[in-house]
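In what follows, a single structure is set out as structure tokens and then discussed.
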Amino acid sequence: MIVAPVVADRETLQDFIDSLRDYAPGIEGDIAHLRSTPADRGAIGSLFRALHSIKGDATICRLDLAVAIVHPVESVLDRVRQGELPFSEQIAEVILLTIDRLELAMAGLSAGDRLDGLHLVSLVEGLERLASAPTGQFEDCVAEVIEAVTGFRPVSATAVSTRREAPGLRSTANSPTDDDLRFFHTLADQFEARSPIFKGRTLRLLRLALETNRLAGETIDPLQLEAAVYMHDIGMMFLPESAWLKTSALTAEEKAMLRTHPAYAAGLLARMSGWAGAAEMVAQHHETPDGKGYPAAHKAAQICPGAKLLAIVDAYEAVMLKHGSHGRTRSLLRAIAEINACDTQFAPEWIEPFNRVIRRAADAR
């Protein structure tokens, strides 16, 4: 059931995915409210009913995997509802992680993808232990579940700190290279200015990319990597803002349009002396090792290391942004779990040093 889930009816699977999408905002809203008012019985009841309804829908749709995932966390919340456990940050985190993992599992089933990277067995077994864990041991059990699934202990960190000047930035040098980098940085600032949700994005990406590269022995030229971070999405500004700032689902035409954006920025870099490495990274940063990326459907061996790293940090930022825009309190745990679950989308040789950077950031908070 968990190791080899079966989809009896693909139409009912899509119905369940649609209903899960409808429940998610309410769940997130209840959890956000309970984080500030943990004793609110009405919100606890609303959250329990949502989970119970999801399990009921999964049963009707004959999705045994979804039932197995939701049932134990519903039991945990029933203990909260009965007054046996207080609603806590740990419970909020494990519920959100469970819903995220359920969404990923259902999307994977729909796409016919392997689910190995989701660690569903560890999740379900851990949740089942939580359902009956003694009150005094509950927080430790939560930490064990989250660590088993994500590789991280629960933390409150939301992102890599950007209070210090990001590594790689230069404010006084006037060499041609530094002049170019300042120009690229200026363009990145213009991109950020297109929407308040992008504020601080460039420095977050830059710190993650440079620190991950440093931990991996700087196998990528740091200057080329820095330029690629600044420029990788600049091509978006050559497209209608109505498409790339759109919050609703994209049409097929809009998706095709957005897939052209790497070529614009890569073309600019390729026409400037000394930035061929950055141009290659930018051109390939949406390629994936399984060959399902774009624009050239390259496979792992054809993708340059800088593009592989840039893909990871860019996706991490996108996941954090997705959680924020959907009303979820940003969670490093859930974001890194989602990145690690995509075992065919990202290069495994970069996941390990990236995880170390995130873990270091979490430990420092």
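The values are calculated or read from the model by the stated rules, or taken from the named source; none is laboratory data. These numbers come from a predicted model, not from an experiment. When we count neighbours, we look across all protein chains shown, and the Cβ atoms used for this are built from the backbone with ideal geometry, even at glycine. Quick note on the areas: whole protein, heavy atoms, side chains included, nothing else; ligands and nucleic acids left out. Shrake-Rupley method; radii C 1.70, N 1.55, O 1.52, S 1.80 Å.
Only one residue of Ala216, Leu127, Ala143 has its Cα farthest out toward the positive end of the dipole of the chain, where Lys and Arg carry +1 and Asp and Glu -1 on Cβ, and that residue is Ala216. Sorted largest first by accessible area at a 1.4 angstrom probe radius, with every protein chain in place, the residues Tyr294, Tyr264, Tyr23 fall in the order Tyr264, Tyr23, Tyr294.
Just want to confirm a number: the relative contact order over segment 1-82, from Cα pairs under 8 angstrom separated by 6+ residues, in percent. It rounds to 38 percent for segment 1-82. Solvent-accessible area per residue in segment 48-148 equals 40 Å², computed with a 1.4 angstrom probe and all protein chains kept. Counting only lysines at least 8 places from Lys308 when in the same chain, those with an alpha carbon closer than 18 Å to its own are Lys292, Lys299.
For segment 64-136 and segment 1-52, what is the centre-to-centre distance using only Cα atoms, to the nearest Å? Here the two parts' Cα centres lie 11 Å apart. The ratio of the alpha-carbon radius of gyration of segment 45-119 to the globular-protein estimate 2.2 N^0.38 Å is 1.16. Listed by chain and number, the lysines whose C-alpha is less than 16 Å from the C-alpha of Lys246, apart from same-chain residues fewer than 8 away, are Lys255, Lys322.
With the gyration tensor restricted to C-alpha atoms of segment 1-87, the semi-axes of the equivalent ellipsoid amount to 27, 14, 9 Å, longest first. A 1.4 Å probe, protein heavy atoms only, puts the accessible area of Ser273 near 110 Å². Label positions at Met272 and Ala143, each projected 7 Å from the Cα along the C-beta direction, are separated by 4.7 nm. Applied to segment 224-238, the Karplus parametrisation 6.51 cos²θ - 1.76 cosθ + 1.60 on θ = phi - 60° returns per-residue 3J(HN,Hα) values of 5, 5, 4, 4, 5, 4, 4, 9, 4, 10, 4, x, 4, 6, 8 Hz, with x for Gly and Pro.
Each Lys and Arg adds +1 at its Cβ and each Asp and Glu adds -1 at its Cβ; summed about the Cα centre, the chain shows a dipole of about 620 debye. For the chain, the relative contact order is 16 percent, taking Cα pairs closer than 8 Å that sit 6 or more residues apart in sequence and dividing their mean separation by the residue count. Considering only Ser273, Ile312, Phe354, the residue lying farthest towards the positive end of the dipole of the chain is Ser273, judged by Cα position with unit charges set on Cβ. Tell me, how many Å apart are the Cα centres for segment 234-261 and for segment 290-322? Centre-to-centre distance over Cα atoms comes out at 18 Å. Note: the chain, Cα convex hull, 139 Å³ per residue. Which is the longest stretch in the chain that no exposed loop site breaks, taking sites as GluC sites (Glu not before Pro) with a DSSP loop state and at most 14 other Cβ atoms within 10 Å? Excluding the exposed sites themselves, the longest stretch runs over 219-365.
Surface composition of the chain: carbon plus sulfur atoms contribute 53% of the solvent-accessible area (1.4 Å probe, protein chains only, all chains present).
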